[in-house]
Amino acid sequence: MNHFELFDMPAAFNLDAAELQQRYRKLQQTLHPDRFANGSERDKLMAVQRTAQLNDAYQTLRSPLSRAEYLLELRGLELAHEQTTLQDPEFLMAQMEWRERIAEVDDWESLDAAYKDLQEQMRDLQSELEQQLNSDDNENAANSVRKLKFMHKLHHELEQIEERIRY
């Protein structure tokens, strides 16, 4: 049973986050190991395993990036542990520009501007990714996931810079 089937939701990139959370909580109550406290050791073990599977599935589906990776995995493209780098010259140039820009962030104004620009680019790319997944354009969707992974790393770096500026 895949993660979407576990939550009885369509295998699609665009999910209703509130519905996913509601189904997660309901399943959590049903499968919680405490409900099997008086059961056999086997029942207790199964409850723990099902709860772990439920938590893993929820964490995967609630994040758009990991949900996209999972959808591609279901379609036969494993991206989670790949070492492939994107060979798109335009994106490689954008990476260099972002690296230079982040290196120059040294105050709240430049940090806020970088956050704003990065979030806008991430939104645009996520919208593209949704269209690619909906039209089964899996190779381009995989490239978009790779780009989003890079952008998430940039976001993390900006968070670290924010901590430095704060103190």
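Extension gain for residue 96 to residue 109 (0.36 nm times residue separation, less C-alpha to C-alpha distance): 2.6 nm.
Compute the orientation-averaged projected area for the stretch 1-95 from the convex hull of its Cα atoms and round it to one decimal in nm². Please report the intermediate quantities before stating the final value.
Working: hull surface 32.9 nm².
Directional mean of the projected Cα hull area for the stretch 1-95 stands at 8.2 nm².
Note on residue 153 and residue 16: with the Förster distance fixed at 35 Å, the Cβ-Cβ geometry gives a FRET efficiency of about 0.80. Using a Gaussian network model of the chain in which every pair of alpha carbons under 10 angstrom is joined by a spring, one finds that among 110, 66, 40 the greatest mean-square fluctuation is at 40. Only one residue of 105, 93, 152 has its Cα farthest out toward the positive end of the dipole of the stretch 89-166, where Lys and Arg carry +1 and Asp and Glu -1 on Cβ, and that residue is 152.
Taking Cα atoms only, the orientation of helix 41-62 departs from the longest principal axis of the chain by about 30 degrees.
Could you grab the relative contact order for the stretch 70-159? Cα pairs under 8 Å, six or more apart, rounded to a whole percent.
Values: 40 pairs, mean separation 33.0, N = 90.
Across the stretch 70-159, relative contact order equals 37 percent.
Based on DSSP H segments of at least four residues, each scored -39500 (n - 2.57), the chain has a per-residue ellipticity at 222 nm of -25000 deg cm²/dmol.
Here the dipole of the chain is about 1000 debye; that uses its Cα centre as origin and unit charges on the Cβ of Lys and Arg (positive) and Asp and Glu (negative). Shown in residue order for the stretch 95-106 are the 3J(HN,Hα) couplings computed by the Karplus curve 6.51 cos²θ - 1.76 cosθ + 1.60 at θ = phi - 60°: 4, 4, 5, 5, 4, 5, 5, 5, 4, 8, 5, 9 Hz (x for Gly and Pro).
Given a cut-off of under 8 Å on Cα pairs at least six residues apart, what relative contact order in percent is computed for the chain?
Computed over the chain, the figure is 24 percent.
One entry in (i) 103; (ii) 158; (iii) 117 is volume of the Cα convex hull per residue in Å³ calculated from the shown coordinates; its label is (ii).
So what is the relative contact order for the stretch 3-62, in percent, with contacts set as C-alpha pairs under 8 Å and at least six apart?
Details: 35 pairs, mean separation 25.3, N = 60.
Relative contact order for the stretch 3-62 comes out at 42 percent.
None of the figures in this text is laboratory data; all of them are computed from the coordinates on show. The shown structure was predicted, so the numbers you read here are calculated from the model rather than taken from an experiment. Neighbour counts are summed over all protein chains in view; Cβ atoms, including those assigned to glycine, are modelled from backbone coordinates with ideal geometry.
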